[in-house]
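Some notes on the structure that comes next.
Where a number appears in this text, it was derived from the coordinates with a stated rule and is not lab data. The structure displayed is predicted, hence computed values, not measured ones. Here the Cβ is made from the backbone with ideal geometry for all residues, glycine too, and neighbour counts use every protein chain on show.
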Amino acid sequence: MPRKIDGDFVTFTQFIQEEQNRHPEATGDFSWLMSGVALATRMIGSYIRRAGLIDVWGDQGTTNVQGETVKKLDIMANDALKRTLGYRGNVGIIASEEDDEPRVISEVEGEDSYIVMFDPLDGSSNIDVNVSVGTIFTVFKNPPEIEGAAKSVLQPGSKQIAAGYVLYGSSTVLVYTCGQGTHMFTLDPQYGTYLLTRENITIPQHTPSYSVNEAYSHGFPEGYRRYLDWVKLEKPRYSSRYVGSLVADFHRILIKGGVYFYPETNANPEGKLRLMYESNPLAFLAEQAGGAASTGTQRILDVMPGDVHHRTPLVIGGKRNVDEVLDMLQAG
Ligand code: AHM
Ligand code: MG
């Protein structure tokens with residue numbers, strides 16, 4: 001049920017406005033920026049709901065900077081975010097998983113400009129088969145002392161000032177943090193508004209569940225294979241769940257617990273997931289919910305990106321679940 005504060009339902013915009021009021025150092029325009037992200041996700045959600053009725057299924061016939069096949073909906077989602085954020089004067093730079101380079105969209109001077117980075121449609125290989133997909137976003141301050149978009153975006157995840165995702169599932173939910181807990185909003189389709197439905201979510205510390213594309217396990221570093229053997233041979237209560245849409249897999253873990261990992265593989269020796277668009281935002285949300293996120297050797301939020309499309313291995317979930325995996329990795 002939507003949460004009421006002082007007898008009223010709380011919308012996403014109201015929630016951000018109130019958080020801003022509690023932090024006078026926050027600039028007034030932040031809720032305007034976030035309303036742009038929320039609007040874009042409502043547009044993307046409506047394309048997804050009409051997939052099959054409008055021409056959004058299938059491939060665009062091109063590949064992106066990562067060499068991956070681009071789906072039509074990837075492009076539409078990317079455009080929706082770029083258009084809505086383009087109208088927000090306080091967004092200085094945007095970077096998207098689908099674009100080659102971060103781009104300056106307005107020359108805002110001083111402290112009041114932001115960098116927004118996003119994966120417009122995560123899990124897009126699932127679109128054509130009606131499985132949940134998501135949009136992931138993160139916001140950094142645009143450092144006024146650094147010149148050029150390509151350099152300005154290279155900040156560790158610990159500098160994020162807000163992050164979140166929208167999961168287009170059986171309902172559409174927006175999960176958000178600005179470093180004051182992890183909160184969930186559900187889109188009320190009747191009013192077209194995100195309403196607060198869960199405040200201060202905590203990931204269960206330990207749940208007997210893991211999430212990984214096990215088909216690649218022969219190429220995983222040994223510690224991960226040891227973990228998988230241990231679970232199967234010694235932990236009969238463990239179950240395995242893998243959607244193949246990171247947002248959907250992470251959301252299940254946020255609510256029910258468990259661990260997700262995408263290690264280095266033969267095909268992706270650095271890991272597949274992108275630090276800036278996927279690992280960082282989810283790591284911020286996980287830590288704010290009492291969970292943990294690691295590359296296997298380092299806290300995700302401490303990784304210094306080499307470039308905007310930097311990839312990392314990712315182990316994320318409930319704290320004790322993550323520790324179990326890390327213990328196996330460290331066991332030599
Ligand atoms: P995408 O952003 O191009 O959709 O790729 C990321 C997706 C994640 O959603 C998902 O966890 C992973 O790739 C699945 O990869 P695989 O098919 O190798 O298991
Ligand atoms: Mg993705």
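Some points to look at:
- With q set to 0.11, 0.18, 0.20 Å⁻¹, the log10 of I(q)/I(0) for the stretch 136-293, from the Debye formula over equal scatterers at the Cα positions, is -0.52, -1.16, -1.30.
- By the count of neighbouring beta-carbon atoms within 10 Å, fewest first, R237, R50 end up ordered R237, R50.
- Kirkwood-type radius of the stretch 154-226, with distances r between different C-alpha atoms, in Å: 15.6 Å
- With both residues required to sit in the chain, DSSP beta bridges show an antiparallel share near 80%.
- Of Q20, Q298, Q190, the residue with the greatest mean-square motion in the GNM of the chain, using alpha carbon springs below 10 Å, is Q190.
- Stokes-Einstein translational diffusion, the stretch 265-332 - Kirkwood Rh over all Cα pairs, 0.692 mPa s, 37 °C, in µm²/s: 270 µm²/s
- The per residue volume of the convex hull around the alpha-carbon atoms of the stretch 4-198 is 121 Å³.
- Remark on the chain: hydrodynamic radius 20.2 angstrom, per the Kirkwood mean of 1/r across alpha carbon pairs.
- Stokes-Einstein diffusion of the stretch 209-330 at 25 °C, 0.890 mPa s viscosity, Kirkwood radius from Cα pairs, rounded to a whole number: 173 µm²/s.
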